[in-house]
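To start, the structure itself, in structure tokens.
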Amino acid sequence: MLLEALGSVLLGFALAWAAAARLSHRLPDRRTVLSVGPLAGLFGAFLTHSAIGPGHGVTTVLGATFVASVLLSLLLRPTRRLRRSAA
């Protein structure tokens, strides 16, 4: 259980760091992104572990990675292009 939590936090941080490096123009402050990633990974591990039970370490970490990527994607802002209407 401890290794699942630690692995989930590290993968969440890695996802947050990659997102902050590649999509910095579309994300809020870097500190926000780097704190949401590990917390989302830990929450994802808790959620997945609660849903499928003990003994599924790899599945728990994969579920935590999925939840972390979904929560990080919610931080994305739209691009700044303005569209003109035809009317």
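Couple of notes before you dig in:
- Surface accessible to a 1.4 Å probe, per residue, for the residues of the stretch 27-87, Å²: 72
- For the chain, adding -39500 (n - 2.57) for each run of n ≥ 4 DSSP H residues and dividing by the number of residues yields -24000 deg cm²/dmol at 222 nm.
- Extending 7 Å from Cα along the Cβ direction at LEU6 and again at ARG81 yields two label points whose distance is 4.6 nm.
- Simple rule: put +1 on each Lys or Arg Cβ and -1 on each Asp or Glu Cβ in the stretch 2-87, find the dipole, and look at SER73, PRO54, PHE43; the Cα lying farthest toward the positive end is SER73.
- Relative contact order (%) - criterion: Cα under 8 Å, at least six apart; region: the chain: 36
- For the peptides 17-30, 63-76, the ranking by mean Cβ contacts within 10 Å, running from highest to lowest, is 63-76, 17-30.
- Rounded to the nearest 20 debye, the dipole size of the chain about its Cα centre is 820 debye, using +1 on the Cβ of Lys and Arg and -1 on the Cβ of Asp and Glu.
- Surface composition of the chain: carbon plus sulfur atoms hold 69% of the accessible area, using a 1.4 angstrom probe and ignoring ligands, DNA and RNA.
The values are calculated or read from the model by the stated rules, or taken from the named source; none is laboratory data. Because the structure is predicted, anything quoted here is derived from the model rather than measured. All Cβ positions, even for glycine, are placed from backbone atoms using ideal geometry, and neighbour counts span all protein chains on display. Heads up: the accessible areas ignore ligands, DNA and RNA and are worked out on the full protein's heavy atoms, side chains in. Shrake-Rupley method; radii C 1.70, N 1.55, O 1.52, S 1.80 Å.
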